[in-house]
There are 2 protein chains.
Amino acid sequence: MPKEEINNLALRRALFYPAAEIYSNAPGGFWEFADAGEKIRRKIVDLWRKELVEKEGFIEISGAQILPEDVFKASGHIASFSDPVVQCKKCSSLHRADSLLSEKTKEVVPESLATTELDRMIKAHGIECPKCKGKDFAEVKKFNMMMKVDIGATGNQVSYLRPETCQSIFLDFKRIYRTMANSLPLGIAQAGSSFRNEIAPRNTLLRQREFGQMEIEIFFNPHRINEIENFSEIENFKLNLFLLKEKGVKKISCKEAAEKKIVSGKLVAYFLARAQQFYSKLNIPDEKMRFRQLAKDERAFYASETWDFEVETDLGWIELMACNYRTDHDLKGHGKQSKQDMVVTDNNEKVLPHVFELSAGIDRAFYVALDLAFKKEKRGPEERIFLNLPARISPYLAGIFPLVKKDGLLEKAMEIFRQLNSFDFDVLFEEKASIGKRYAKIDEIGVPFAITIDYDSLKDNSVTLRERNSMQQKRVKIDSLPEILWHLKTGKKSFEQA
Amino acid sequence: MPKEEINNLALRRALFYPAAEIYSNAPGGFWEFADAGEKIRRKIVDLWRKELVEKEGFIEISGAQILPEDVFKASGHIASFSDPVVQCKKCSSLHRADSLLSEKTKEVVPESLATTELDRMIKAHGIECPKCKGKDFAEVKKFNMMMKVDIGATGNQVSYLRPETCQSIFLDFKRIYRTMANSLPLGIAQAGSSFRNEIAPRNTLLRQREFGQMEIEIFFNPHRINEIENFSEIENFKLNLFLLKEKGVKKISCKEAAEKKIVSGKLVAYFLARAQQFYSKLNIPDEKMRFRQLAKDERAFYASETWDFEVETDLGWIELMACNYRTDHDLKGHGKQSKQDMVVTDNNEKVLPHVFELSAGIDRAFYVALDLAFKKEKRGPEERIFLNLPARISPYLAGIFPLVKKDGLLEKAMEIFRQLNSFDFDVLFEEKASIGKRYAKIDEIGVPFAITIDYDSLKDNSVTLRERNSMQQKRVKIDSLPEILWHLKTGKKSFEQA
């Protein structure tokens, strides 16, 4: 779906919009989410928590967003977390060298290339400054993307906003292992914001300076990468793998992927499967999803194996999750820098755990969910827009609408709203505007059901239940609403069965 | 309950612990929350959302944590958000002047006092440096507590980490009013982190450098402060008011408080009542809560009226929520600085809305909830610790325990875990350690129920349901578990009735 349609809908319903937008000089790359936008985004995190964290018996943390400099010395971010930047000598504007090159050559230009190689390519391809068309550039420089914050009254405790949520997980590993696990594998998860001083934030939510991540780090014994509980549950599940030397996606079972060493081991195959299953629940069609294998020079500096989970949209293939085999890179780094012993005992063996990571973007999943859910349909002379969001991530489960505000209908509707609210359902009460406009509003923000209270409701204690996609309506008893909604919410029954 | 007990429990169960604790030089004032700690903290926010945001039909946002300098010029934080700092001339250590004085005099020393007055008081009271006992101090200086972040490749877009979550709400007001409300009063809420470069972070979660806030800004027409829907619902509700010139708390009805102008109007009384009701749901006893009226020199620079909601603990009275009448301070400031018109039409009247704010601390509510829930009881020769947390904020609703791991009990228990998980219950599966140790663990983290699967379960399809506080047990059918748990969770039935 064209991005203009999403952006229009986003602004019209305040799903998302630029931060500090009333200030014309506010820096780009910061966004706000309101009401339905905030709720959909939050529910994607809830679904992730349920499907990928709680079902696996993993432990979730919520850590500080500011961490001391030593952490990023140890992690390698001080040395290696940088973009290649080039300045136009004529107009002084700054650009990412790799972006300029890939726009010109239409090929992936790894950001990890040496600056001298980038200098050479800029000359060879006759790159022009996008601003002034000049062709004279200064030498490419590495620009560290972390945001610095000085802590303490004298500002002497140099710290950084975290560029990824996972670093707290590595820092907390020992305490959590000791107090809660005492065995491997151990999964620790965190959802929250990360911060990168992008030179060119763009595509609204797809490249921001502050963005949401939901990351899971699975600590395991590298000698036991093929010993994973529940592997039998997914061994025949087909992964959509886009291998390095192939031209398209191959559907390969987890068993085959592990046995043929297409992935490093059963543990990796298992979690790729679980990730693919999770994204299916966001209604991403199977033919639009793939795990792309990354070549060495495309991978992050800490990864020995990377599978990028990507989804096809109007904007091309968008990466939603990087699945990285980080080896013992982080625990080793922190162990050395902090002089702490990170070795644990697993199965009577002293081992420095390895880490397999599922690093997902919250805002990207949110954006893609909107993109795929957006539907426009002709209804006679009129057009209807609705978001076909699954109930699990819809902002509200149902709208509660009194047909009119008088004759006791408002009070009756409020009574129903409060009862459903007390049963923990997300319900939206709306009494303003015509009933048609109220339906149109909840269609546009993806609410799957509407409950309308009319004059008959006062007589027969029943209401009209409307389903968003089909616009079908049925009459149901008010007393049965909690149970019906519970079944609809948890998917135990369909609208037809309700 | 002594704070050592909480801190021990917190470290033992990883409820909370210092950020980057493996680095001995990590700055103080940053904390991590894991597993049960993370969940209890998140559920307090969920309860706030349900009780104070959704029930009122308010709109929630999630905004950028970094905002440009102009925002804080407009809000007054650049000019006024500072602490008085004094340096010992002998040992060079820095201290908060107001804290040194209030520790010595045992009286509240407003941080807003002029620096010259603080200089005079330091001499008059013969204040000693807490570090070196020196008595020679440099002049008191104002130290701005905001954390600066430079954005952009040349770092020229000076920005700050927000010192309060509400500023995004003021920035977003116009878009939300236009797209979603078009009438006053309008409530907008946000929960998230705020950042203050405290000189002396202390008392674990009570004074941090990064801390959680849940704030609600209610925009209203100042001429209609006494027109509030649903006032009749709380008019006889008694507020615990600790008035400026009184020695103790008076229980005053909302009606009386509004009519006698003890508060600025019915709107203020209504939301004080709703706040007090919310904190009751965290099990805070009525006799331990009060709204303390703040004198002019104690109030924040933007407030014309402030009621601090405080709770009595072992550490004294702790402020959980500041209820501030911010007038049109913020909208006026942003309108002027951004050159945008913030006036809206309410009831055919052009008006610059006033704001009444409920500004609550997440971590403080979490800490106080633990403090009040902590119970230690003698059971024969042994001692039992449990957290008497209400089900709404307990980390899990129930633990699912197979009595042993063999003979099919593990599988049966896993089946029950998955079924309850699919019904959206927060359940904890635990198969390790003795059943006694597993009960002890969930008691300590405040899980209200345990479901134990034993050999009889395989025969009669029933399990043992145990209640935390009474340790009573009853036998229930596996099939009826979803309904029983639903009633227990939403408070529709008690354990006895279940």
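The values are calculated or read from the model by the stated rules, or taken from the named source; none is laboratory data. On a predicted model such as this, the values are computed, not experimentally measured, just so you know. Positions of Cβ are backbone-derived with ideal geometry, glycine not excepted, and every protein chain shown enters the neighbour counts. With ligands, DNA and RNA removed, areas are computed over all heavy atoms of the protein, side chains included. Shrake-Rupley method; radii C 1.70, N 1.55, O 1.52, S 1.80 Å.
For the set A:LYS281/B:LYS412; B:LYS90/B:LYS142; A:LYS131/B:LYS339; A:LYS492/B:LYS281, the pairs lying more than 24 angstrom apart at their alpha carbons are A:LYS281/B:LYS412; A:LYS131/B:LYS339; A:LYS492/B:LYS281. Here the dipole of the protein assembly as shown is about 360 debye; that uses its Cα centre as origin and unit charges on the Cβ of Lys and Arg (positive) and Asp and Glu (negative). Using Cβ point charges alone (K and R +1, D and E -1), the dipole size of region B:180-290 about the Cα centre works out to roughly 520 debye. Straightening the chain between B:LYS296 and B:ASP341 buys 13.2 nm, computed as 0.36 nm per residue apart minus the Cα-Cα spacing. For the protein assembly as shown, taking Cα atoms only, Rg and Dmax work out to 28.8, 85 Å respectively.
If a spin label sat at a point 7 angstrom from the Cα of B:GLU246 along the line to its beta carbon, the backbone N atoms of region B:284-308 nearer than 13 Å would be those of B:289-294. For peptide A:31-43, the mean count of partner chain Cβ atoms within 10 Å of a residue's Cβ comes to 5. Taking packing as the residue-averaged number of other Cβ atoms within 10 angstrom, the listed peptides A:436-443, B:329-336 run from highest to lowest as B:329-336, A:436-443. The charge dipole of region A:396-490, taken about its Cα centre with unit charges on the Cβ of Lys, Arg, Asp and Glu (plus for the first two, minus for the last two), comes to roughly 240 debye. Relative to the globular-protein estimate of 2.2 N^0.38 Å, the Cα radius of gyration of region A:396-490 stands at 0.96. Charge tally for A:TYR23 (other residues, Cβ to Cβ under 15 Å; Lys, Arg +1; Asp, Glu -1): -1. Each copy carries a label point for B:CYS132 at 7 Å from Cα toward Cβ; from one copy, the others' points are 5.4 nm away, ordered from shortest. Looking at this model, which pairs from A:LYS43/B:LYS288; B:LYS55/B:LYS250; B:LYS251/B:LYS441; A:LYS376/A:LYS432; A:LYS43/A:LYS432 are more than 32 angstrom apart at the alpha-carbon? Those over the limit are A:LYS43/B:LYS288; B:LYS251/B:LYS441. With an a/c value of 1.5 or above and a/b not larger than b/c for the gyration tensor axes a ≥ b ≥ c computed over the alpha-carbon atoms, region A:7-106 is described as oblate. Highest mean first, the peptides B:481-489, B:125-133 sorted by other C-beta atoms within 10 Å per residue fall in the order B:481-489, B:125-133.
Protection proxy ranking for B:232-239, B:194-201, using the average of other Cβ atoms within 10 Å per residue and placing the highest first: B:194-201, B:232-239.
Shape annotation for chain B: C-alpha extents along the principal axes are 78, 65, 57 Å, from largest to smallest. For B:LYS459, the point set 7 Å out from Cα toward Cβ sits 5.8 nm from its twins in the other copies, listed from shortest up. Over every Cα atom in region A:80-162, the radius of gyration and the widest Cα-Cα span, Dmax, amount to 15.7, 50 Å. Heavy atoms of the protein chains alone define the surface here; on that basis region A:396-490 has 40 Å² accessible area per residue at 1.4 Å probe size. Neighbouring Cβ atoms from other chains, within 10 Å of the Cβ of residues in A:178-185, number 2 on average. Between B:LYS238 and A:LYS376, the modelled label-to-label distance comes to 6.2 nm, taking each label 7 Å out from Cα in the direction of the beta carbon.
These residues, B:GLU415, B:GLU430, B:GLU32, A:GLU229, go from largest to smallest accessible area, 1.4 Å probe, as A:GLU229, B:GLU415, B:GLU430, B:GLU32. Look at the stretch B:11-20: the mean tally of other chain Cβ atoms within 10 Å of its residues' Cβ atoms is 5. Summing charges over all other residues whose Cβ lies under 14 Å from the Cβ of B:CYS132, with Lys and Arg as +1 and Asp and Glu as -1, gives +3. Assuming R0 = 25 Å, can you tell me the calculated FRET efficiency for the pair B:MET180 and A:SER470, based on Cβ-Cβ distance, to the nearest 0.05? Rounded to the nearest 0.05, the efficiency is 0.40. Taking the charge dipole of region A:396-490 about its Cα centre, with +1 at Lys and Arg Cβ atoms and -1 at Asp and Glu Cβ atoms, the residue from A:ALA450, A:ILE416, A:TYR439 reaching farthest to the positive side is A:TYR439. For B:ALA64, the shell of other residues with beta-carbons less than 11 Å away shows a net charge of -2, using +1 for Lys and Arg and -1 for Asp and Glu. Computed from the C-beta positions of B:CYS132 and B:ASN283 and an R0 of 35 Å, the FRET efficiency is 0.20 to the nearest 0.05.
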